[in-house]
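The values are calculated or read from the model by the stated rules, or taken from the named source; none is laboratory data. Note that the coordinates shown come from a computational prediction; the quantities given were computed from them, not determined experimentally. Glycine gets a Cβ as well: all are built from the backbone with ideal geometry, and neighbour counts include every protein chain shown. Heavy atoms of the whole protein, side chains included, go into the accessibility calculation; ligands, DNA and RNA do not. Shrake-Rupley method; radii C 1.70, N 1.55, O 1.52, S 1.80 Å.
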Amino acid sequence: MAGTPARFEVLLTEGAAQDLEAIHDYIAEFDCVANANRVLDEVMGMVESLSRFPERGSYPKELVSLGIKEYRQTFFKPYRVIYRVTGSQVIIYLVADGRRDMQTVLARRLLGA
């Protein structure tokens, strides 16, 4: 159909899937299961929306300062979803609370530092 954006396949790395599980577990323990489920549903909805508009995300400033512009990010505050568009795939690498020391988190997860 004309005017319909191409669809990208959205994939979660094992690390990103573990991030989502940890976020859910934390909210369930310190708030309630209903809120944990709601947050997970909202984050997953945002992640799935990347299948239609993956280039809408901004570049993480922590990586741009290192000259790296291959990763993008989108938000469900306070959570940041870090991903990369490769061909017809959107690969989710990290889902983290943006209040953390993101420079360290990104270096460890994406750059292997």
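Values computed for the structure shown
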read-out	value
Top-ranked residue of segment 1-27 - restricted to ones that are of a type in the set (Gly, Ala, Ser) and over 17 Å from Phe76 (Cβ atoms), ranked as least open to solvent (accessible area, probe 1.4 Å)	Gly15
Within segment 48-67, considering residues that are among the charged types (D, E, K, R) and under 20 Å from Arg109 (Cα atoms), the one most open to solvent (accessible area, probe 1.4 Å)	Lys61
Residues (open to solvent by less than 70 Å² (accessible area, probe 1.4 Å) and free of Cβ contacts under 8 Å to residues at least 12 places away in the same chain) located in segment 93-106	Thr104, Val105
Residue in segment 68-78 that is least open to solvent (accessible area, probe 1.4 Å), counting only those that are part of a loop (DSSP other than H, G, I, E, B) and farther than 14 Å from Leu110 by Cα	Pro78
Val43 vs. criteria surrounded by 10 or more Cβ atoms within 10 Å (Cβ to Cβ), outside any helix (DSSP H, G or I), touching a Phe, Trp or Tyr at 6+ places or on another chain (Cβ under 9 Å) and at pLDDT 95 or above	no
Residues satisfying the stated conditions in segment 79-92, i.e. crowded, with 19+ Cβ neighbours inside 10 Å and not β-branched (Val, Ile, Thr)	Tyr79, Arg80, Tyr83
Output for segment 69-106, where each listed residue is aliphatic (A, V, I, L, M) and touching a helix residue (DSSP H, G or I) at 6+ places or on another chain (Cβ under 8 Å)	Val81, Ile82, Val85, Val90, Ile92, Leu94, Val95, Ala96, Met102, Leu106
